[in-house]
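First the structure, in the form of structure tokens, and then the observations on it.
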Protein chains: 2
Amino acid sequence: MSDWVQRTSETLERAGYRASGPRRAVVEVLGRQRCVVTARDIADVLREEGRDVGLATIYRALDVLSRLGSVQRLDVGEGSALYEPAHANGEHHHHLVCDRCGDVSAFEDPQLERAIGRLAQRVDYQVAGHDVVLRGACPRCVA
Amino acid sequence: MSDWVQRTSETLERAGYRASGPRRAVVEVLGRQRCVVTARDIADVLREEGRDVGLATIYRALDVLSRLGSVQRLDVGEGSALYEPAHANGEHHHHLVCDRCGDVSAFEDPQLERAIGRLAQRVDYQVAGHDVVLRGACPRCVA
DNA sequence: CTGAGTGCAAACAGTTTGCATTACT
DNA sequence: AGTAATGCAAACTGTTTGCACTCAG
């Protein structure tokens, strides 16, 4: 079981949530993802594994998990919301979205993080998080 | 008439679109916005001015305008998509979104732009644009 | 045993689309 | 006159909600 699944289960328990089968299943699928997935993606994976979970349950689980800070939600405006496991150590990445095929991939950039960190101090909001999305053409679509 | 409205009208004409009243009205409302608005916001403003325009028409106009690069669309996942005039000179800003009240405000940061510029060269996508969203609590909600 | 959690289906909200009508060019 | 553009209403899509049932604690 991945670190994230472990920690997330503990977070849920500590917050007083019950360890139900369906929610656990959602957490496990999320734990195996390296990048973003939609609610439907999760449902599909679970169906293939023979442990069907209703979409409503998946949305409810994602809601709880993002509220607890264990998953990060991303909206790129192509229909459905994207979700990914959020890692506790502050380590996180951002996304490249292909305008043509909708493909999403990840990148990290410490320099960018630093610029955002400095910026966060300058503004009048109490900044809790941030998303950066670069849009353009993915290598496959360029070719 | 603002610069942006002027330039946008020309862009539309050059691209072969007709100068219809309803679309012109949408462009004018957009031209008066300093930051983001929803399709419904535009409809409301127009209704107040007594020049009702159907929502479908507004969506169609926004679609054309963003395809032409004259408006920038932003998805922050609070229901509806946000739109704002895109300025030709490359000058643009990013957004602070309040988690509690949904308020959206703008900021500019050349240092951040530079970091993104450098980054764009390093990745394997052909980067055409970017969005940065900082999330947190707005001054009013903090108090 | 009690209520959090679930699944289903119905309800919703934003957006898109088909089609008859209007109005630029 | 010809055709892009509009308005309306119906269709769609992703997400949320109400409710009876189930199961973890």
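What follows is calculated from the coordinates using simple rules that are stated; it is not laboratory data. Quick caveat: nothing in here was measured; it's all calculated off a predicted structure. Ideal geometry is used to build each Cβ from the backbone, glycine not excepted, and the neighbour counts take in all protein chains shown.
At-a-glance table
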| quantity | calculated |
| --- | --- |
| Residues A:Tyr17, A:Tyr125 arranged by fewest to most Cβ contacts within 10 Å | A:Tyr17, A:Tyr125 |
| Antiparallel bridge percentage (DSSP; both residues within chain A; nearest 5) | 70 |
| For chain A, with +1 on Lys and Arg beta carbons and -1 on Asp and Glu, the positive-most of A:Val37, A:Gly21, A:Gln121 along the dipole | A:Gly21 |
| Test item: Cα-centred dipole of region A:70-143, Lys/Arg +1 and Asp/Glu -1 on Cβ, debye | 160 |
| Whole-number D in µm²/s for chain A (Stokes-Einstein; Kirkwood sum over Cα pairs; 37 °C, 0.692 mPa s) | 198 |
| Rg/Rh (Cα only; Kirkwood hydrodynamic radius) as it applies to region A:93-143 | 1.11 |
| For region B:20-64, convex hull of alpha carbons as volume per residue, Å³ | 66 |
| Difference of contour (0.36 nm per residue) and Cα-Cα distance, B:Glu49 to B:Ser66 | 3.7 nm |
| Copies compared at B:Ser20 - label distances in nm, ascending, label defined 7 Å from Cα in the Cβ direction | 4.8 |
| Phi to ³J(HN,Hα) by Karplus 6.51 cos²θ - 1.76 cosθ + 1.60 over region A:44-61, Hz, x for Gly, Pro | 5, 4, 5, 4, 4, 7, x, 10, 3, 10, x, 4, 4, 5, 5, 4, 5, 5 |
| Across the identical copies, how the A:Leu68 labels are spaced - nm, sorted shortest first, 7 Å along Cα→Cβ | 5.0 |
| Label distances, nm, B:Ser80 versus same residue in remaining copies, Cβ-directed 7 Å point | 2.5 |
| Cβ-derived FRET efficiency at R0 30 Å, B:Ala15 paired with A:Ala128, nearest 0.05 | 0.15 |
| log₁₀ of I(q)/I(0) at q = 0.08, 0.09, 0.11, 0.13 Å⁻¹ - the protein assembly as shown, Debye sum with one point per alpha carbon | -0.41, -0.51, -0.76, -1.02 |
| Whole-angstrom gap from region A:9-35 to region A:75-143, using each part's C-alpha centre | 24 |
